[in-house]
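Novice: Sharing a structure with you now.
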Amino acid sequence: MSAAATIATAPATATGTTPFRHFSATLLRRALARHADWEHKEFTSSWEDLPVDAYLKGGATFRRRRYSQFHLADDRLVPSGQIVFEQSKEVNSLFGGVQRRFEPLREDVAASALLETVVFTFLDNLPGKIDRSNAAIGVHQIRITASRDEASLPAPEGIHEDGHHFVAQVLINREGVTGGESQLYDRDRAPIFRTTLLEPLESIVIDDRRVFHGVSGITPAPGATEGIRDMMLIDFFPLAG
Ligand SMILES: [Fe+2]
């Protein structure tokens, strides 16, 4: 069996590397096998403890999230303290230029060995290079709730870029929902890849400078009144200064 669990990559470009990689759950499942069951449960259940994203328009409550930033020191993941999350207007027409302050990751989650394993697994599998000595790492925990009364768009910005170098999009859980198709586009906004992350720990890692991305809305599955889609997003970008 191949060590790499890649199941799809875009065609190589002139730069010699592909602008995204799509991994089955096998990549993270293998990496996380060394962690105890209680570590997995504690990590996954922390998505039950996310505050509502106060920045959504009109008091909408369908998105809950936490965010913390880290850096690397001596091959360890080190919390950088509470830092505002800000994107430029150029990359985020809805929230660009706004300093958003989200609740940080819970301390036990931020300090967990399991999170460190996840981050280093993606560092080893980026679709390109990053200077680890100068890398900032943003970790978002996000829950989108689909209900019959509220439109639930995982990415209200539509087709967009995040303004980072690389972003790992990891499915943690989905229950009772349909939709949530991940869509990638080239720099001319022509579609190049689409898939729906279905299996927990399945992931896509993009070079955010070379592709745009979007996610279709989610609705409760037939017969369900409500459903959830839990994601972890990991941003990789150079430290400022
Ligand atoms: Fe995004």
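Novice: For the chain, report the % of Cα-Cα distances exceeding 21 Å.
Specialist: Pairs farther apart than 21 Å: 56 percent.
Novice: Ignoring everything except DSSP H segments at least 4 long, calculate the 222 nm mean residue ellipticity for the chain; use -39,500 (n - 2.57) per segment, divide by total residues, nearest 500. Before the final figure, lay out the partial values.
Specialist: Working: 4 runs with 31 residues, N = 241.
Calculated at 222 nm, the ellipticity per residue is -3500 deg cm²/dmol.
Novice: Same structure, new question: Excluding V167 itself, calculate the net charge of residues whose Cβ lies under 13 Å from the Cβ of V167, where each Lys or Arg counts +1 and each Asp or Glu counts -1.
Specialist: Computed value for this residue: -2.
Novice: With unit charges on the beta carbons (Lys and Arg positive, Asp and Glu negative) and the dipole taken about the Cα centre of the chain, which residue among L198, A113, G128 sits farthest to the positive side?
Specialist: Farthest along the dipole direction, towards plus: G128.
Novice: Then there is this: Count charges around G227 for me, please; just the other residues with Cβ under 10 Å from its Cβ, Lys/Arg as +1, Asp/Glu as -1. Before the final figure, lay out the partial values.
Specialist: Working: positive: R174, R229; negative: E175, E226.
Overall, the nearby charge balance is 0.
Novice: If you take the beta carbon distance between R100 and D74 as r and set R0 to 35 Å, what does 1/(1 + (r/R0)^6) give as a FRET efficiency, to the nearest 0.05?
Specialist: Efficiency at R0 = 35 Å is approximately 0.70.
Novice: What is the list of residues in region 26-64 whose amide nitrogen lies under 20 Å from a point 7 angstrom out from the Cα of E175, following Cα to Cβ?
Specialist: 37-53, 61-64
Novice: Count charges around L50 for me, please; just the other residues with Cβ under 12 Å from its Cβ, Lys/Arg as +1, Asp/Glu as -1.
Specialist: Details: positive: R63, R64, R65, R66, R106, R143; negative: E48, D49, D53, E103, D230.
Neighbourhood net charge equals +1.
Novice: Give the relative contact order (percent, whole number) for region 141-208; include only Cα pairs under 8 Å separated by 6+ residues.
Specialist: On the way: 71 pairs, mean separation 24.5, N = 68.
About 36 percent, as a whole number.
Rule-based calculations on the coordinates, nothing more; no lab input. The shown structure was predicted, so the numbers you read here are calculated from the model rather than taken from an experiment. Quick reminder, even Gly has a Cβ in these numbers, built from the backbone with ideal geometry, and neighbours come from all protein chains shown.
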